[in-house]
Amino acid sequence: MTLARAELSTVHADIEAYYSRKVVRYGATPLGVDWSCVPTQELRFVQLLKLFDTKVACSVNDTGCGYGALLTIMSARFKRLSIDYWGVDLSLAMIDEAKRLSGKRKLAQFSVGSHSPRLADYCVASGIFNVRLQQADSVWTEFIKATLADMHSNSRIGFAVNFLAPLPNAMDTRPELYRAPASFWQSYCEQNLNAQVTLIEGYGVREYTLLVRTEVPRRIRSICRLGWYAVAFVKVMSCSACRNESAAACRVFSCACHLKTAPKMILALHSVNRLLRCCDNTNVFCAKSRASSKCPAL
């Protein structure tokens, strides 16, 4: 089941009306976004921000930003980090409050909308899936999938979201709240979005946070690349085709040509290997020519 545009618009309209009433009644407070208090609201933000690399400048989309509370937390926690922030919310009343509170803060903007406004390093969303109102489970599930897909497509590095966890059977729950097992949405992001997911739970509230990485972290990429180079070196040095006239005959070289930096590196290793394998080489220089540039192996 995929929601039609009209159905999705109806869901968005219901959400907008609900949270607009909240912020008009309670103002720019946790109650205004249906949270109970500041400490638990900030606790949730801390889990979401674990996705960030706090050593480099970044851009952030805050989906369902409310009155911009996350921006305040990020500014306090990452004082030396340049963050290009864009908050988007369905409620005009929320955005008006966010603009009022942010003042003339640099690198911060807010807009009314239902989708991520641009491609950014990170997308975050806190609590936007918790209150389903009167929507059926099937409709709300499709709304969540559409929102996750939007966040995924607009995140260079990854996105972070949170959900309410199921309660024990003996405990009553408000019927308008949406709860789902962590395994369901974790598996969905891994299988359908082809992402790496870190599950965070057990932080004092009955919910969980998903850190969804769409890009392999730089450090891991560097380590993998270094390991690949090492493997390539070993393969080239033992390649049986290294006595051939052309480096293209080397099976390691030909199968690695799809990598940007691999051909030059493989060619260099290939040449070294052929030189070392030269039957007449002496002290690296070929005995036939006494010059590596004229060595028949090269």
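Taking chymotrypsin sites (Phe, Trp or Tyr not before Pro) across segment 121-215, the ones in a DSSP loop with at most 16 further Cβ atoms lying within 10 angstrom of their Cβ are Tyr203.
Across the options Ser116, Leu101, Val131, the greatest Cα extent toward the positive end of the charge dipole of segment 91-131 (unit charges at beta carbon of Lys, Arg, Asp, Glu) belongs to Leu101. Near Thr63, once Lys and Arg are set to +1 and Asp and Glu to -1 for all other residues with Cβ below 11 Å from its Cβ, the sum equals -3. For segment 120-186, the percent of C-alpha pairs falling in each 5 Å distance bin, counted from 0 to the bin holding the largest distance, reads 3, 16, 25, 25, 16, 9, 4, 2, 0.
All alpha carbon pair distances within segment 64-155 were sorted into 10 Å bins beginning at 0; the resulting P(r) in whole percents reads 16, 45, 31, 8, 1. Checking the Cα-Cα distances for Lys22/Lys99; Lys22/Lys55; Lys55/Lys104; Lys55/Lys106; Lys79/Lys145 against a 28 Å cut-off, the pairs over it are Lys22/Lys55; Lys79/Lys145.
Rounded if a/c is under 1.5, else prolate if a/b beats b/c, else oblate: with a ≥ b ≥ c from the C-alpha gyration tensor eigenvalues square-rooted, which is segment 5-215? Before the final figure, lay out each step's value.
Details: a/c = 1.36, a/b = 1.13, b/c = 1.21.
Judged from the Cα gyration tensor, segment 5-215 comes out rounded (a/c under 1.5).
The value given for segment 1-95 is a Kirkwood hydrodynamic radius of 14.7 Å, derived from the mean inverse Cα-Cα separation.
What does the highest-first list of 34-45, 79-90 look like by mean Cβ count within 10 Å? Don't skip to the end; give the middle numbers.
On the way: 34-45: 15.2, 79-90: 18.3.
The packing order, highest mean first, is 79-90, 34-45.
Computed from the coordinates by the stated procedures, all read-outs in this text should not be read as laboratory data. The model shown is predicted, which means the values in this text are computed figures rather than measured ones. Note: ideal-geometry Cβ built from the backbone for every residue, glycine included; neighbour counts use all protein chains shown.
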